[in-house]
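Notes for the one structure printed next.
Taken together, the values in this text are just the output of simple stated rules run on the coordinates, not laboratory data. None of these values were measured; they are calculated from a predicted model. Here the Cβ is made from the backbone with ideal geometry for all residues, glycine too, and neighbour counts use every protein chain on show.
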Amino acid sequence: MNRRALLRPAVRSAIALTLAFATLLTQPGTASATVYAQIEGTGSTWSELIVQQWIADVDANGMKVVYTGGGSSKGRKDFSQNSTDFAISEIPYQGTDETGQADTSNGREFAYLPIVAGGTAFTYQLKIGNDLVRNLRLSGETIAKIFTNQITNWNDAAITADNNGRTFPSLPITPVVRSDGSGTTAQFTTWLDSEFPSIWRPFFGGSGLTSYYPKESGSRAIGQAGSDQVMNTISGFAGNGTIGYVEYSYPVNKDYPVVKVLNKSGYFVEPTQYNVAVALTKAKINQDKGSALYLTQILDGVYRNTDARAYPISSYSYMVIPTGADDPRMTTAKRQTIADFLYYSLCAGQTKAGPYGYSPLPLNLVQAGFEQIALLQQADSAVDLTDRDVRSCNNPTFDGKNLNKNQLAAIAPAPAACDKQGEGPCGTETGNNEPSTDGSGGGTTPDGGETGAGGASPAGGGAGSGAAGAGSGAPGGSAPPPVVDPATGAVVGGTSTGAATGDAIYANPTELAADRALDTRTFGWLAALLAVGLVVMPGFYAASLPRRRKPGTVR
Amino acid sequence: MANVRPRKISRKATGGDAVFENGARAVGASVLLITGGVGVFLAWQAYPTLERYGWSFFTESQWQPDQDVIGIAAVLVGTFSVAMVAMAFAVPLSILMALYISEYAPARFRSSLVALIDLMAAVPSIVYGLWGFFLIMPYAAELALWLQRYLGWIPIFDVANTDPNAAVWDTTRYVASAFCAGIAVAMMVMPMACAVMRQVFSQTPDGEKEAALALGATRWGMVTSVVLPFGRGGIIGGTMLGLGRALGETIAVVLIVSPAFEIKPRILEVGTTTVSSLIAGRFGEASSSQLSALLAAGFVLFVITLLVNTVASVVVNRSRSGAGTDA
């Protein structure tokens, strides 16, 4: 009895071990026998939504990953202080910034590895009557001027010009910016500094990027911490007139519109997975394996990509993983968890990128990412990385045959003709993760090639430009005249009742002088004076009357 | 026999008494030690910042660590404006509530009312923050608009660069303000202030209350002539204790306000910041010198809170003697 009781656990563990080996031999990598340990990370809120989705996906495989946003700056900081196992950041460690503050990993060995691509979108709330404008278009210069407080009203001529003559109500613009150290801010300001230095640098008071958006005191800009807070502020009840920058997934998640941004070939495009993938074919990736910045991005080519389908402010997001053999936080189990989590993220996880408002990584970056994961094995030979082939990944950018081809960029539809500068605007909605195109735009670039090529000329894009304008993109003038409330000057909504119609809201609002502040004040004071007079005058009158009391009267 | 002498009379504790006495003394001292330790730690950490920036740390309003400009002028103004709004809501509420509980409420409801108020104190700060952000802010914004429209000529109710009579009111200007945060903080301060006040009101000598009633006073007359003068110290003390807490409220404020580093008396206008919300918001990404700056701000808050609480406890202690009734 006693002996059997002793034996039983031994037998059981022997069986378990055999089973474990069996699974290990048949299905390495996905095996339940792999020992995992919980890993924790902090960082970017730009890529947080997709990372949280991946975390939920791998949870079933026994991998426990905890990720908290808080901004890229916090992510890099936490990683350098050994308080996290990984970090996610849009920008690499900056070394030392201009004031001599250190931004390094504090000696902790690490490697960068791209995890997902995406577009920094400009989401806004702008209402005409009670209807949300959903097809706003802006050029880069207008955006730069809005965020540097040079354009402060939605009826500004520059905005009207970007929208082909369509006027918006007179409403002050309230930019919503990040108040914490943010990679989104860094991406946005990198773009500003590269493309509009004459607007950005005087405002910033320096050159280059910053993680902390400089908020001028006295300006209308509102600061909020974290992408979700920015999104909440814009979509909140008090958001009318606001515009802010977040990753495209946030507005997609909230079903909120985004600005179509003008690219170099004169089209206004939305940061869908296609447009981002096309733009990033021009990203310069640091290929020097000896460099500390190996695999990091130089995006000037992306900003100036001449493809009609390219979304200018596209970028990659990076994970920072610890590669030191004697890393104080790492164990074999933790390394294995990081490796397998990343394997899932870079491989199967990329199929989710598009639907969630991101864009999948191209093959060459996934391959490079795998090589970076291999550094974990170099640090600890017990980490199991067998049977991991890039080609078996179900990544939408992969073409089974040509490794250098970005399939997603090749099939990206050409923009609709009404999205061209001086045409339209298109009535189609933004922020719903659907490309704005005229019918089938695929196959515009017959054999693609790494660069995706600028072959998608407007004429080549399937349907002719004339047909496109008919359905949705009626110019402002031909729309039925808006109903304007005579008392307030506000446009009464109601012409376009449902979002399903796809029609844009058109209005040419006029401000009526129904209420002049000066009148109110003047008559207000007059009324107050009269009221005081009414109360006080009888008293004075009574006091001024001669006393009639007879002398000698008993008091 | 001759050796028999009376036992030496000593007040020194012996045996178990001594153990207890010294133990209690040690525990009591540890409170002082911990509080003192916090102060010393903060001062130690704050020293490099104060040395580097000097007085400009108190006069500069911007907080831009990446441009080497750091100061807490705006932060302190924001801290006080949030606290003042909170007090403006909390003090009248807690006085009236304490009076109702101690003088008017039927005896059988009294204990449950007290329990409810204590429960309010037990609700976590973040719940009040969410409550303020999602439920209260829309109404607070409309109240703010109303205040600006009719009382905008008073500087604190002004909202810069916006027309309250515009066709489409500029909602963004009226949210995430010190006013909105103050309302949420008031709900957290109120139970504490109310508890102190209720305790002091309930100590009013019954004889004097009955005397007032016997002389023909109404109940309200009795309250104004006996309870309130007697409890004056309690009202002041409870207010000050509440103020001490309001100055340090963190998470609710972080959730509600939009950080802005401007010295502005316009409490209705969007954007402000407080010392504690600044620390909570910036702590995670701070480098060592920035951390020192944050701790310097924390040190200033520590000193202010210590002063406020000390004054409060002195006032409350003096009121215990019932000195108010002698006046």
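Looking across B:Gly231, B:Gly216, one residue alone is away from every other protein chain (no Cβ under 14 Å), on the phi > 0 side of the Ramachandran plot and over 17 Å from the mean Cα position of the chain (by Cα). It is B:Gly216. Do we find that B:Ala297 is out of contact with any helix residue (DSSP H, G or I) (no Cβ under 7 Å at 6 or more places or on another chain) and either within 30 Å of A:Glu216 (Cβ to Cβ) or assigned to a loop (DSSP other than H, G, I, E, B) (or both) in this structure? In short, no.
Identify the residue in region B:25-82 that is outside any loop (DSSP other than H, G, I, E, B) and charged (D, E, K, R) and, among all such residues, is nearest to the other protein chains (Cβ to nearest Cβ). Here the answer is B:Asp66. Looking at region B:235-257, can you tell me whether even one residue there is crowded, with 23+ Cβ neighbours inside 10 Å, within 14 Å of chain A (Cβ to nearest Cβ) and within 16 Å of the chain's Cα centre (by Cα)? Yes - at least one qualifying residue is present in region B:235-257. Restricting attention to region A:143-162, the residues that are crowded, with 22+ Cβ neighbours inside 10 Å and polar (S, T, N, Q) total 0.
Residues considered: A:Ala158, A:Ala102, A:Ala121. Of these, the only one that is within 14 Å of another protein chain (Cβ to nearest Cβ) and of a type in the set (Gly, Ala, Ser) is A:Ala102.
Out of all the residues in region B:83-109, which are part of a helix (DSSP H, G or I), without any contact (Cβ under 8 Å) to a residue 40 or more places away in the chain and within 22 Å of B:Arg232 (Cα to Cα)?
From region B:83-109, those part of a helix (DSSP H, G or I) are B:83-104, B:107-109; that's our starting set.
Imposing the further condition that a residue be without any contact (Cβ under 8 Å) to a residue 40 or more places away in the chain reduces the set to B:92, B:96, B:100, B:107-109.
Scanning region B:83-109 gives B:Pro92, B:Leu96, B:Tyr100.
The set of residues from region B:161-172 being more than 8 Å from chain A (Cβ to nearest Cβ) and either touching a helix residue (DSSP H, G or I) at 6+ places or on another chain (Cβ under 9 Å) or surrounded by 23 or more Cβ atoms within 10 Å (Cβ to Cβ) (or both) comprises B:Pro164, B:Trp169. Can you name the residue in region A:185-207 that is within 14 Å of chain B (Cβ to nearest Cβ) and in contact (Cβ under 8 Å) with a residue 12 or more places away in the chain and, of all such residues, is surrounded by the fewest Cβ atoms within 10 Å (Cβ to Cβ)? Step by step, filter region A:185-207, then rank; the result is A:Ser207.
Does any residue of region A:126-143 turn out to be within 11 Å of chain B (Cβ to nearest Cβ) and either β-branched (Val, Ile, Thr) or not in a loop (DSSP other than H, G, I, E, B) (or both)? Yes, the conditions are met somewhere in region A:126-143. Residue count for region B:174-196 under the criterion of being part of a helix (DSSP H, G or I) and within 8 Å of chain A (Cβ to nearest Cβ): the result is 1. Count of region B:124-151 residues, restricted to those that are of a type in the set (Val, Ile, Thr) and either surrounded by 14 or more Cβ atoms within 10 Å (Cβ to Cβ) or free of Cβ contacts under 8 Å to residues at least 60 places away in the same chain (or both), is 2. Of all residues in region A:100-125, how many are outside any strand (DSSP E or B), out of contact with any helix residue (DSSP H, G or I) (no Cβ under 7 Å at 6 or more places or on another chain) and touching a residue at least 60 places away in the same chain (Cβ under 8 Å)? Going through region A:100-125 one residue at a time, the tally reaches 1.
Residues of region B:250-258 include none that is more than 18 Å from A:Ala225 (Cα to Cα), in contact with a strand residue (DSSP E or B) (Cβ under 7 Å, 6 or more places away or on another chain) and assigned to a loop (DSSP other than H, G, I, E, B).
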